[in-house]
Amino acid sequence: MRKIIYSAVILLAALHQDFWYWNDATLVWGFMPIGLVYHLAFSVVSGLVWALAVVYCWPSGVEEEVKQALAEMETPSTS
Amino acid sequence: MITLTIIIIYLAMLLALGFISARYSRGTAADFFVASQSIGPVILLMSIFGTTMTAFAMVGSTGEAYIRGIGVYGLMASWSGLVHSAVFFLVGIKLWSYGKKYGYVTQCQFFRDRFESSGIGYLLFPILVGLVIPYLLVGILGANSVITGVTRGALPDIFPTDNPATNGSIPHWLTGLVICSVTLTYVFLGGVRAAAWANTFQTIVFMVMGCVAFYIISSKLGGMEAASQNINPERLVREGEISHLEFLTYCFVPLSVGMFPHLFQNWLSAKSAKTFRLTVIAHPIFIMIVWIPCIMIGIWATGAVIQGADGNMVRVVPETANANSVLGIMVGKLSGDVLSGLVTAGVLAAIMSSLDSQFMCIGTMFTNDIVFHIFGKDKFSDQQKVLMARTFIVLIVVISYILSLYEPRRVFTLGVWCFSGFAALFPLVFAAIYWRHVTKMGAYVCIIATTATWVYLFQQSGYGDNELYKVMGLMPVVILMAVSIISLVAVSFVTQPPSKETIEKFIPSRAS
């Protein structure tokens with residue numbers, strides 16, 4: 001799952017370069033240029049991908065590592 | 001006058017927040033500098049987001065969209081949504097853990113330990129502070145432009161000028177003075193906690209007001225569809241405005257968040273690693289909420305017209321207006337006085353939510369990286385430590401304030417130069433966290449070479465005067481990143497890494 005999510009991030013980076021709307025002046029919903037709509041959607045999808053990264057790729061050992069390190073530091077000295 | 005009154009009330013509220021935060025202060029230097037590491041997920045999100053959204057995001061984006069069209073969103077906002085969260089995920093959490101384990105308050109403390117070098121802190125400190133100054137300038141210049149725009153004609157007897165665009169406006173010297181003074185006051189009263197609380201309040205204000213401004217301005221222009229019909233067609237596309245290469249190479253600029261000193265301090269204030277989760281997820285969405293209205297207002301401004309005093313339709317934004325003033329003019333001319341005041345308060349919120357974190361970080365850096373490092377921490381009382389931080393902050397703010405009066409630049413351009421400098425140092429922090437073989441000499445050469453290149457390129461651009469400056473069609477940040485990575489890697493391969501104990505401390509081998 002981790003590899004899938006990191007691949008999704010790289011894919012998103014590639015999709016950022018939207019050649020297909022580069023010169024398209026279409027107004028979506030009557031007011032928003034299609035190139036802007038695309039990147040609005042890009043931002044939303046970025047949030048979703050990072051939500052998946054938080055769920056499936058979270059470095060869960062970090063908190064325990066910190067607690068352990070602090071406990072070890074307290075044991076031999078008091079400063 | 002109503003607009004001005006609302007702005008004054010808003011600034012008074014911030015001062016009140018500072019006083020209230022001071023009551024929660026534990027009075028210690030630790031509380032002043034990192035809020036005793038007690039910040040939860042919502043406040044962390046608001047604080048980080050508020051810190052990263054500056055005048056660049058509102059004043060800068062609107063003005064740049066007015067000049068170059070919709071592509072500005074893709075240049076910065078959508079790249080930032082992807083890259084910022086990546087940096088928080090890959091770098092922020094790690095730095096938080098080091099800060100928690102080893103008691104770091106600043107980046108220089110981390111780099112000194114990581115590379116077993118006291119000198120690297122003395123090298124990095126002036127460079128980081130030097131790069132923060134244009135960041136402060138972005139905020140002050142942004143505030144100046146917005147206040148000029150919305151207070152045009154408000155006080156013609158007190159502030160007369162020959163230019164109709166500024167006649168009666170609050171002058172830049174006064175705006176900058178007030179903004180800096182209010183921010184300094186609430187930061188001095190409550191330290192990082194005051195900054196975090198103020199950021200939370202201000203983030204809500206500028207997000208809501210950005211949307212309100214968008215709605216009100218579109219209504220005044222006859223609705224969103226009508227407003228969009230008048231847009232200069234060249235601004236609807238990227239062809240002719242932005243090259244593919246420029247669009248691609250802007251991806252490096254958001255890496256700057258990995259080296260922002262004020263973000264580093266924000267990260268350290270987090271209660272736990274889990275506190276970062278909401279920030280990682282919500283950051284791209286929040287950026288979108290702030291930038292989309294600003295981009296739309298900027299492109300609407302290219303064709304927006306209103307009925308003049310003589311009954312003829314006239315441009316809302318005069319042809320001669322500079323980019324920085326577009327948002328202020330649109331808000332000032334198309335909102336009623338009350339809404340103009342509220343929206344302006346929102347823009348000031350974005351500006352001051354960055355200024356406060358930047359002020360805090362430079363004070364923290366000076367005391368910890370220079371004074372304590374030379375003289376020892378225990379030589380000074382908590383009150384003395386806080387006083388030293390405040391003194392240095394005031395010095396840097398005065399320098400930035402003076403520069404703002406004499407060296408106006410396009411906010412977007414100046415912001416990008418500042419971010420490019422920090423982004424170019426990103427390879428250093430990334431390597432320090434993930435590469436066991438990075439060496440002290442590699443770090444030194446990387447910092448020196450990158451800084452020298454930045455200074456050279458910035459000078460070549462007329463110190464930001466040439467807004468379209470490129471190097472072989474590439475954003476300058478590409479050259480800076482290349483210099484940074486090549487020097488770091490090449491020198492690291494031929495020099496001695498730190499001791500095994502130090503490497504294990506930061507990058508434990510898998511067997512342990």
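Quick one: count up the residues across the stretch B:294-316 that are crowded, with 23+ Cβ neighbours inside 10 Å and not small (Gly, Ala, Ser).
Final tally of qualifying residues: 6.
Within the stretch B:206-213, does at least one residue satisfy the condition of being more than 8 Å from chain A (Cβ to nearest Cβ), closer than 27 Å to B:LEU95 by Cα and at pLDDT below 90?
Looking only at the stretch B:206-213, we keep the residues that are more than 8 Å from chain A (Cβ to nearest Cβ), and these are B:206-213.
Then keep just the ones that are closer than 27 Å to B:LEU95 by Cα; that gives none.
No, the conditions are met nowhere in the stretch B:206-213.
Can we say B:GLY328 is buried (at least 24 other Cβ atoms within 10 Å of the Cβ), within 17 Å of B:GLU64 (Cβ to Cβ), among the small types (Gly, Ala, Ser) and in contact with a Leu (Cβ under 9 Å, 6 or more places away or on another chain)?
no
For the stretch A:43-63, what are the residues that are under 29 Å from B:GLY222 (Cα atoms) and not hydroxyl-bearing (Ser, Thr, Tyr)?
Applying the first criterion (under 29 Å from B:GLY222 (Cα atoms)) to the stretch A:43-63 yields A:43-44.
Matches in the stretch A:43-63: A:VAL44 only.
Being in contact with a helix residue (DSSP H, G or I) (Cβ under 9 Å, 6 or more places away or on another chain), surrounded by fewer than 24 Cβ atoms within 10 Å (Cβ to Cβ), without any contact (Cβ under 8 Å) to a residue 40 or more places away in the chain and in a helix (DSSP H, G or I), is that true of even one residue in the stretch B:397-414?
Checking the stretch B:397-414: at least one residue is in contact with a helix residue (DSSP H, G or I) (Cβ under 9 Å, 6 or more places away or on another chain), surrounded by fewer than 24 Cβ atoms within 10 Å (Cβ to Cβ), without any contact (Cβ under 8 Å) to a residue 40 or more places away in the chain and in a helix (DSSP H, G or I).
Within the bounds of the stretch B:224-240, is there any residue that is in contact with a helix residue (DSSP H, G or I) (Cβ under 6 Å, 6 or more places away or on another chain), more than 10 Å from chain A (Cβ to nearest Cβ) and either in a helix (DSSP H, G or I) or not basic (Lys, Arg) (or both)?
Here is the first cut: in the stretch B:224-240, the ones in contact with a helix residue (DSSP H, G or I) (Cβ under 6 Å, 6 or more places away or on another chain) are B:224, B:227, B:231, B:235, B:238.
So of that shortlist, the ones also more than 10 Å from chain A (Cβ to nearest Cβ) come out as none.
No; the residues of the stretch B:224-240 include none that is in contact with a helix residue (DSSP H, G or I) (Cβ under 6 Å, 6 or more places away or on another chain), more than 10 Å from chain A (Cβ to nearest Cβ) and either in a helix (DSSP H, G or I) or not basic (Lys, Arg) (or both).
Against the definition (over 19 Å from B:PHE206 (Cα atoms), within 19 Å of the chain's Cα centre (by Cα) and at pLDDT 85 or above), how does B:LEU75 come out, yes or no? It would help to see each step written out before you state the result.
On the way: over 19 Å from B:PHE206 (Cα atoms): yes; within 19 Å of the chain's Cα centre (by Cα): yes; at pLDDT 85 or above: yes.
So B:LEU75 fits the description; yes.
Looking at (1) in contact with a Gly (Cβ under 9 Å, 6 or more places away or on another chain); (2) buried (at least 22 other Cβ atoms within 10 Å of the Cβ); (3) away from chain A (no Cβ under 14 Å), can you tell me which one B:LYS333 breaks?
Among (1) in contact with a Gly (Cβ under 9 Å, 6 or more places away or on another chain); (2) buried (at least 22 other Cβ atoms within 10 Å of the Cβ); (3) away from chain A (no Cβ under 14 Å), B:LYS333 violates only (2).
So, in the stretch B:189-199, of the ones that are buried (at least 21 other Cβ atoms within 10 Å of the Cβ) and in contact with a Gly (Cβ under 8 Å, 6 or more places away or on another chain), which residue ends up modelled with the lowest pLDDT? Please lay out each step first, then the result.
Looking only at the stretch B:189-199, we keep the residues that are buried (at least 21 other Cβ atoms within 10 Å of the Cβ), and these are B:190-199.
Narrowing the set further to residues that are in contact with a Gly (Cβ under 8 Å, 6 or more places away or on another chain) leaves B:190, B:194, B:197-199.
Working: B:GLY190: 73, B:ALA194: 69, B:TRP197: 74, B:ALA198: 75, B:ASN199: 78.
Going through the qualifying residues, I end up with B:ALA194.
Go through the residues of the stretch B:83-103 one by one and say whether even a single one is within 11 Å of another protein chain (Cβ to nearest Cβ), out of contact with any Leu (no Cβ under 9 Å at 6 or more places or on another chain) and either at positive phi or at pLDDT below 90 (or both).
yes
Could you check the stretch A:29-55 and list, in sequence order, the residues that are surrounded by 14 or more Cβ atoms within 10 Å (Cβ to Cβ) and closer than 21 Å to B:PRO233 by Cα?
Correct list: A:PHE31, A:MET32, A:PRO33, A:ILE34, A:GLY35, A:LEU36, A:VAL37, A:TYR38, A:HIS39, A:LEU40.
List every residue pair whose Cβ atoms sit under 8 Å apart, with the two residues 6 or more apart in sequence or on different chains, where the first one lies in the stretch B:275-303 and is charged (D, E, K, R) and the second, anywhere, is surrounded by 24 or more Cβ atoms within 10 Å (Cβ to Cβ).
Every condition considered, no pair remains.
Of the conditions (1) buried (at least 23 other Cβ atoms within 10 Å of the Cβ); (2) under 30 Å from B:PHE372 (Cβ atoms), B:ARG112 fails just one. Which one is it?
(1)
Taking helices (runs of 4 or more DSSP H) that do not extend beyond chain A, which have at least 1 residues that are in contact (Cβ under 8 Å) with a residue 24 or more places away in the chain and either closer than 29 Å to B:LYS94 by Cβ or within 7 Å of chain B (Cβ to nearest Cβ) (or both)? Give the derivation first.
Working: elements: A:2-15, A:34-56, A:61-74.
By residue number, A:2-15, A:34-56.
Just the residues that are among the basic types (Lys, Arg) and either crowded, with 24+ Cβ neighbours inside 10 Å or facing chain A (nearest Cβ under 9 Å) (or both), please, taken from the stretch B:241-278. Write out each step before concluding.
Here is the first cut: in the stretch B:241-278, the residues among the basic types (Lys, Arg) are B:271, B:274, B:277.
Listed by number, the residues that qualify are B:LYS274, B:ARG277.
Could you check the stretch B:7-66 and list, in sequence order, the residues that are at pLDDT 70 or above and closer than 21 Å to B:GLN384 by Cα? Full working, then the answer.
Residues of the stretch B:7-66 that are at pLDDT 70 or above, as a first pass: B:7-23, B:39-66.
Answer for the stretch B:7-66, where residues must be at pLDDT 70 or above and closer than 21 Å to B:GLN384 by Cα: B:GLY18, B:PHE19, B:SER21, B:ALA22, B:ARG23.
Table: residues versus (1) crowded, with 21+ Cβ neighbours inside 10 Å; (2) assigned to a helix (DSSP H, G or I); (3) modelled with pLDDT under 90.
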site: B:ASP356; (1), (2), (3): yes, yes, yes
site: B:CYS361; (1), (2), (3): yes, yes, yes
site: B:ILE370; (1), (2), (3): no, yes, no
site: B:MET388; (1), (2), (3): no, yes, yes
site: B:VAL416; (1), (2), (3): yes, yes, yes
site: B:PHE419; (1), (2), (3): yes, yes, no
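Check the stretch B:279-286 and report whether any residue there is buried (at least 21 other Cβ atoms within 10 Å of the Cβ) and either in contact with a strand residue (DSSP E or B) (Cβ under 7 Å, 6 or more places away or on another chain) or polar (S, T, N, Q) (or both). Can you show your working first?
Residues of the stretch B:279-286 buried (at least 21 other Cβ atoms within 10 Å of the Cβ): B:279-284, B:286.
After this cut, where a residue has to be either in contact with a strand residue (DSSP E or B) (Cβ under 7 Å, 6 or more places away or on another chain) or polar (S, T, N, Q) (or both) as well, the list is B:279.
Scanning the stretch B:279-286 turns up at least one residue that is buried (at least 21 other Cβ atoms within 10 Å of the Cβ) and either in contact with a strand residue (DSSP E or B) (Cβ under 7 Å, 6 or more places away or on another chain) or polar (S, T, N, Q) (or both).
Being part of a loop (DSSP other than H, G, I, E, B) and out of contact with any helix residue (DSSP H, G or I) (no Cβ under 9 Å at 6 or more places or on another chain) is the filter here, so list the residues in the stretch B:444-467 that pass it. Full working, then the answer.
Our first condition is that a residue be part of a loop (DSSP other than H, G, I, E, B); within the stretch B:444-467, this holds for B:461-467.
Listed by number, the list holds a single entry, B:GLY462.
The values are calculated or read from the model by the stated rules, or taken from the named source; none is laboratory data. Because the structure is a prediction, the values reported are computed rather than measured. Cβ coordinates were reconstructed from backbone atoms using ideal geometry, including for glycine residues, and neighbour counts include every protein chain displayed.
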